[in-house]
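Worksheet for the structure shown next.
The values are calculated or read from the model by the stated rules, or taken from the named source; none is laboratory data. Since we're looking at a predicted model, the values are computed, not measured. Neighbour counts are summed over all protein chains in view; Cβ atoms, including those assigned to glycine, are modelled from backbone coordinates with ideal geometry.
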Amino acid sequence: MMTIAAILAAILLGAAATTFVRRHSRVVPEDYAAVTVTKNGFIKRVLPAGRHLLAPFERIELILPLKTSLAGGCVTAVAASDGIPLSIHWSGTYALRPELITENRSQRLRGLPNAERAITRTVDLGLRRLVGGVTARDLFNPAVRDRLERQLSQVLIDKLLPLGINFNALNLQTIELPAEVAEALNKARAIETLDGAIRQVDPTTREVVRGAYRLDEILRWEQYFPLPARSAASRG
């Protein structure tokens with residue numbers, strides 16, 4: 001049989017072990033990851049959700065949310081190929097994946113709390129490069145927009161995944177034209193509608209109307225564009 005001294009020793013030992021575990025263990029919440037550092041501040045490891053026993057002098061430096069998040073913004077003064085400056089609103093979803101980081105691990109892990117800043121910078125650069133290859137008018141073509149979204153989404157995936165950021169897909173939202181260009185496009189649509197209606201009447205009436213409203217001159221709708229977009233619009 002165990003003596004009273006042995007029982008007391010076992011109780012004290014158990015209490016000491018429990019105290020040690022409580023003092024040196026940490027719980028990482030569900031849908032989060034933790035980044036720990038050594039006493040010198042060097043990155044040690046990434047902890048998934050759950051309870052973890054930390055080594056002596058090891059401490060948690062960062063708590064990273066792993067749930068899918070929404071990012072968005074507006075890139076201004078984006079020049080289309082015809083020289084028209086645009087403001088383009090965008091949005092997209094992403095999730096942090098610190099386990100995917102294999103190079104420059106310490107620097108990139110510390111940069112994950114600023115993931116949205118990295119996404120915004122990458123979208124800014126990618127939009128300026130891709131939009132520079134199309135005209136402002138083409139950006140309102142659904143097929144062109146879909147192609148740009150796919151291309152830019154792939155650029156973001158390739159650039160951000162090594163940083164531990166899993167970007168899902170980008171959506172182009174509102175595209176804002178300068179006021180004078182928007183007015184020119186509205187005039188162009190109105191004129192094209194008028195010309196289409198006139199083409200439905202008999203030739204004699206058509207010529208009378210075209211002469212009365214100077215349609216041969218008005219139908220050159222590109223004159224409403226500001227320079228330097230005027231020459232590019234006429235080519236389109």
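A few points about this structure:
- Pairs with Cβ under 8 Å, 6+ apart, first in region 58-70 and under 17 Å from residue 48 (Cβ atoms), second surrounded by fewer than 15 Cβ atoms within 10 Å (Cβ to Cβ) and acidic (Asp, Glu): 65/31; 66/31; 67/31
- All of 127, 161, 148 fail the test of being free of Cβ contacts under 8 Å to residues at least 40 places away in the same chain and among the aliphatic types (A, V, I, L, M), apart from 148.
- Number of residues in region 160-178 that are touching a Ser or Thr at 6+ places or on another chain (Cβ under 8 Å), crowded, with 18+ Cβ neighbours inside 10 Å and part of a strand (DSSP E or B) equals 2.
- Enumerated strands (runs of 3 or more DSSP E) restricted to region 50-147, each holding at least 2 residues that are farther than 30 Å from residue 38 by Cα and assigned by TED's automatic domain parsing to the domain that holds residue 163: 69-79, 85-96
- Every residue from region 81-122 that is farther than 30 Å from residue 42 by Cα, buried (at least 20 other Cβ atoms within 10 Å of the Cβ) and out of contact with any strand residue (DSSP E or B) (no Cβ under 6 Å at 6 or more places or on another chain): 82, 84
- Pairing each residue of region 28-51 that is under 16 Å from residue 66 (Cβ atoms) with any residue that is loosely packed, with under 15 Cβ neighbours inside 10 Å and small (Gly, Ala, Ser), provided the two are 6+ apart or on different chains, yields C-beta distances under 7 Å for 28/49; 28/50; 29/49; 30/49; 31/49; 32/49.
- Members of region 60-72 found to be surrounded by 14 or more Cβ atoms within 10 Å (Cβ to Cβ) and charged (D, E, K, R), listed by number: 61
- Residue selection: residue 154 satisfies the criterion of being assigned to a helix (DSSP H, G or I), farther than 23 Å from residue 65 by Cα and within 13 Å of the chain's Cα centre (by Cα).
- Residue 102 falls short on exactly one of the conditions (1) more than 10 Å from the chain's Cα centre (by Cα); (2) under 30 Å from residue 177 (Cβ atoms); (3) hydroxyl-bearing (Ser, Thr, Tyr), and that condition is (2).
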